[in-house]
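A.B. asks: Let me give you the structure first, and then I'll get to my questions.
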Amino acid sequence: MIDKNLMIVYGLSVILLAGCSQNYFSKKLMDTFRSRLSADVTTLDPALVVDVSGGMLTSKLFNGLVKYGEEMKIVPDIAQNWDISKNGKVYTFYLKQGVQFTNGRNVEALDFKYSIERVLNPRTKSPRTWVFDRIAGAKDFMSGKTADCSGLVIKDKYTLQITLEEPFAPFLGFLAMPTGYVVPKEEVEKWGEDFSRHVIGTGPFKLDQWQHDERIVLVANTDYFDSKPKVKRLEYRIIPEELTAWAEFEAGNLDAISIPSSEFERIINNPKWQKYIVSQAGMNVYYLGLNCQKPPFDKIEVRQALNYAVNKEIILNTVLKNRGISSHGPIPPGIEGYSTRIKPYEYNPRKAKELLTKAGFPDGLAMKIYQKNSREVLEITEILQAQLKEIGIQAEIVQLEWTTLKEMINQGKTESFYLAWIADYPDAENFLTPLFHSKNFGSGGNRAFYKNEEVDKLIEQTQQTTNSVERIKLYQQIEGKIHHECPWIFLWHQKEFSLHQPWVNGYVSYPICNADKGTSVEIK
């Protein structure tokens, strides 16, 4: 239930905002598309970007060798085509000629070599060196043993050859990430650590303004080599509060918005808005992680019991307002490797109690659920808490500030925790290697500290299998084992819903944030 005082503030906000006709944002701007960020971005330097907002913005400022198309398939970007050797280790990219940085200089193969080595260079302090550390010679370059990375070879002015140490099937997807975007050496060296505030790229837009905690403005790059933007400006207002953002949208001061959870049911059932709602199956998974190294969650029967004890459909139908589908494992639908043969754990408290007894806990047990400070998350974990109590499990909810929570989880100090994983690239490998390979304990992504040597070997096998049919079979085999061993309480894959104004055309919601170049949207 929404607090009465909050509703009064919300109502006054709508009235005040609607009445500010002289305000810059109080009228539709024919040449500007206006949307909202819930928080300021940390950086616009593609070598340093790790967050969704940063990826979404840099995709409009930069380009890579390849990119994601509308169906999340790899398509050409600055590379017009490429060859892959039969052994799956050598990639040869042929660049389009005449592509320019916004400082007027043409992009060459040498620029991509520089940009990749910049990510690998320890002085850059990139958190995404793992994107390129499979390139031959990368480890020697990172350790200072060599002056450059031997696996990056300039064949001619517009041809780049990348050689991997071993075949790695998802590599093209890695190159489509912001980490793979090309930057001009002269501008990086000119600005140093301030390059993020003075970014020069090749994208359809250029950075115009960045007023921290207020707004970020991008302007169209009229010399863009691909589809030209249909608006002159993209304006992102930084509005942390959902209700304030919704008030701004209703006043006509934002052109699109993610539908606030508190307003979802009212909006989705309002005929006024229905034809302007855009939904997208999210490439994500929400889960309650169980630390497999800590008793009692070192016992598979306990972990299975918790999965049988949870009625996910109640949460999906109430708190989430049917904004998701129940999961049976980590891989979301829409990604190759998702299996329809594996079914989610059914709600079966009787079976859960039997498994607890088998594990040596006939009278139940006590546990703690760690989570971030969030009203919606608390609503979810309180329902989980009540359901677990029905089988004799006393669950205490511990709310922590996000940085503290993340540190504790990464250090293995939490026994269970509520988290989500959002895809960096649309491949099932991204939902398996970071989350379940034992080399990635803690900060690497495997925060359940799950270890299964057979799963490790199968994951490594998928990475070297270039045949997509065989790789999908392996993905499904891995997920079957993870489903059985339950390092998580598998919860759901959440759908994304957004809303645009009637005067907006061409608005598209993408499952991967950096797939959106911003060139299709227009104001009519």
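All of the numbers you see were taken from the coordinates with simple rules; none came from a lab. Given the structure is predicted, the values throughout are model-derived calculations rather than measurements. Using ideal geometry, Cβ is built from the backbone for each residue, glycine included, and neighbour counts are taken over all protein chains shown.
A.B. asks: Return Met408, Met283, Met142, Met72 ranked ascending by Cβ neighbour count within 10 Å, so the fewest neighbours appear first.
C.D. replies: Going from sparsest to densest Cβ surroundings: Met408, Met142, Met72, Met283.
A.B. asks: Fewest to most neighbouring Cβ within 10 Å: what's the order for Val99, Val90?
C.D. replies: In order of increasing Cβ crowding within 10 Å: Val90, Val99.
A.B. asks: May I pose another question? What does the charge count around Glu429 come to, taking other residues whose C-beta lies under 11 Å from its C-beta (Lys +1, Arg +1, Asp -1, Glu -1)?
C.D. replies: Taking every Cβ under 11 Å from that of Glu429, the sum is -3.
A.B. asks: List, in the order given, every pair from Lys406/Lys457; Lys272/Lys495; Lys89/Lys451 whose Cα-Cα distance in the structure shown is over 24 Å.
C.D. replies: Correct reply: Lys406/Lys457; Lys89/Lys451.
A.B. asks: In the stretch 464-524, which chymotrypsin sites (Phe, Trp or Tyr not before Pro) fall in coil by DSSP and have 16 or fewer other Cβ atoms within 10 Å?
C.D. replies: Passing both the DSSP loop test and the Cβ count: Trp503.
A.B. asks: While we're looking at this one, here's another question. Placing unit charges on C-beta atoms (Lys and Arg positive, Asp and Glu negative, everything else neutral), compute the dipole magnitude of the chain about its Cα centre in debye, rounded to 20.
C.D. replies: The calculated dipole for the chain is roughly 500 debye.
A.B. asks: Once the other residues with Cβ under 9 Å from the Cβ of Lys517 are scored (Lys, Arg +1; Asp, Glu -1), what is the net sum?
C.D. replies: 0
A.B. asks: Pull up the cross-link candidates among the aspartates and glutamates for Lys275, meaning alpha carbon to alpha carbon under 19 Å and not fewer than 8 places away within one chain.
C.D. replies: Glu250, Asp255, Glu263, Glu265, Glu496, Glu522
A.B. asks: Follow-up question, since we're still on this one. How far is the Cα center of the stretch 203-244 from the Cα center of the stretch 124-158, in Å?
C.D. replies: What the calculation gives is 32 Å, centre to centre.
A.B. asks: Excluding residues fewer than 8 places away in the same chain, name every one of the aspartates and glutamates whose C-alpha is closer than 15 Å to that of Lys343.
C.D. replies: Straight-distance partners of Lys343: Glu313, Glu479, Glu485.
A.B. asks: To make sure I understand the rule: partners must be lysines, Cα under 21 Å from the Cα of Lys389, and not fewer than 8 residues away in the same chain. Which ones qualify?
C.D. replies: The qualifying lysines are Lys294, Lys299, Lys312, Lys351, Lys353, Lys358, Lys368.
A.B. asks: Further question: Write down the percent of antiparallel bridges among all DSSP beta bridges whose residues are both part of the stretch 284-496, to the nearest 5.
C.D. replies: Taking every DSSP beta bridge with both residues in the stretch 284-496, the antiparallel ones total about 60 percent.
A.B. asks: How big is the antiparallel share of DSSP beta bridges in the chain, given as a percent to the nearest 5?
C.D. replies: Roughly 75 percent of the DSSP beta bridges within the chain come out antiparallel.
A.B. asks: Further question on the same structure: Treating only the Cβ of Lys, Arg, Asp and Glu as charged (+1, +1, -1, -1), what charge dipole size does the stretch 118-250 show about its Cα centre? Round to the nearest 20 debye.
C.D. replies: So the dipole magnitude of the stretch 118-250 works out to roughly 460 debye.
A.B. asks: How large is the helix-only mean residue ellipticity at 222 nm for the chain, computed as the sum of -39500 (n - 2.57) over DSSP H runs with n ≥ 4, divided by its residue count, in deg cm²/dmol to the nearest 500? Don't skip to the answer; put the middle values down first.
C.D. replies: Values: 16 runs with 153 residues, N = 524.
Rounded to the nearest 500, it is -8500 deg cm²/dmol.
A.B. asks: Moving on. What net charge is computed for the residues neighbouring Phe195, neighbours being all others with C-beta under 12 Å from the C-beta of Phe195, Lys and Arg scored +1, Asp and Glu -1?
C.D. replies: Within the 12 Å Cβ shell, the charges total -2.
A.B. asks: Along the positive direction of the dipole of the stretch 450-524 (beta-carbon charges: Lys, Arg +1; Asp, Glu -1; about the Cα centre), which of Ile512, Cys486, Tyr475 reaches farthest?
C.D. replies: Value computed over the given set: Ile512.
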